[in-house]
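The values are calculated or read from the model by the stated rules, or taken from the named source; none is laboratory data. From a predicted model like this one, the values you see are computed outputs, not experimental measurements. Please note: Cβ atoms are built from the backbone with ideal geometry, for glycine as well, and neighbour counts cover all protein chains shown. All accessible areas refer to the heavy atoms of the entire protein, side chains included, with ligands and DNA or RNA removed. Shrake-Rupley method; radii C 1.70, N 1.55, O 1.52, S 1.80 Å.
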Amino acid sequence: MHPLTGGWRVDVPRHTPEELYALAVDIESYPRFLPWCQRAHIRKRDGDHLEVDNLFGLGPLQARFTSHAEQEPPRRLTISSHDGPFRHFKLVWDFEPLGEGCRVVARYEMALRSPMLHSMAAMTLPAMEHKVVQNFKERIRRVYGR
């Protein structure tokens with residue numbers, strides 16, 4: 001099974017890397033904008049490291065797992081897991097100054113333990129990437145009002 005990879009890029013005028021990093025590191029708010037994320041609870045904080053309990057699911061299909069977030073404010077947030085459904089999962093958010101705004105670049109790589117879930121994820125990830133971008137832009141508008 002080959003790893004699934006992808007990502008997205010969003011140029012956001014009038015917002016700083018610090019503002020957008022703050023949204024990404026607000027992990028407990030992920031259920032408000034990440035598709036299928038039902039719960040994200042920070043279990044442990046240790047400096048720039050967070051340990052997070054997650055519940056993702058759609059209908060009867062549910063997955064609980066622990067992830068780890070490494071903070072490098074305000075430039076990078078790396079989230080990884082080898083728990084639950086994942087053989088491995090890594091999502092890297094980068095925040096780059098861009099004139100009067102910020103470029104957000106996110107890249108992920110994952111492999112799921114279940115061949116069936118892996119195949120389902122491969123089919124749905126392009127639509128999910130689009131939805132994440134749309135929801136993230138809407139979250140920016142709601143939090144910062146511009």
Determine if region 127-141 includes at least one residue that is among the aromatic types (Phe, Trp, Tyr), touching a residue at least 40 places away in the same chain (Cβ under 8 Å) and not in a strand (DSSP E or B). yes
Give me the pairs: first residue in region 68-91 and closer than 16 Å to His118 by Cβ and of a type in the set (D, E, K, R), second residue open to solvent by 60 Å² or more (accessible area, probe 1.4 Å) and in a strand (DSSP E or B), beta-carbon distance under 7 Å, and six or more apart or on different chains, which are they? Lys90/Glu109
Checked against (1) modelled with pLDDT of 95 or more; (2) not in a strand (DSSP E or B), Ala121 satisfies every condition except (1)
Which of (1) under 22 Å from Pro3 (Cα atoms); (2) at pLDDT 95 or above is the odd one out, the single condition Ala40 does not satisfy? (1)
Sort out which residues of region 37-67 are under 19 Å from Glu109 (Cβ atoms) and either touching a helix residue (DSSP H, G or I) at 6+ places or on another chain (Cβ under 7 Å) or surrounded by 16 or more Cβ atoms within 10 Å (Cβ to Cβ) (or both), and write them in order of number. Cys37, Val52, Asn54, Phe56, Ala63, Phe65, Ser67
For region 1-46, name all the residues that are in contact with a Gly (Cβ under 8 Å, 6 or more places away or on another chain) and assigned to a strand (DSSP E or B). Asp11, Val12, Pro13, Gln38
With respect to the numbered conditions (1) in contact with a strand residue (DSSP E or B) (Cβ under 8 Å, 6 or more places away or on another chain); (2) closer than 23 Å to Lys137 by Cα, which one is the sole condition not fulfilled by Pro73? (1)
Residues satisfying the stated conditions in region 5-58, i.e. more than 13 Å from Cys102 (Cα to Cα) and of a type in the set (Ser, Thr, Tyr): Thr5, Ser29, Tyr30
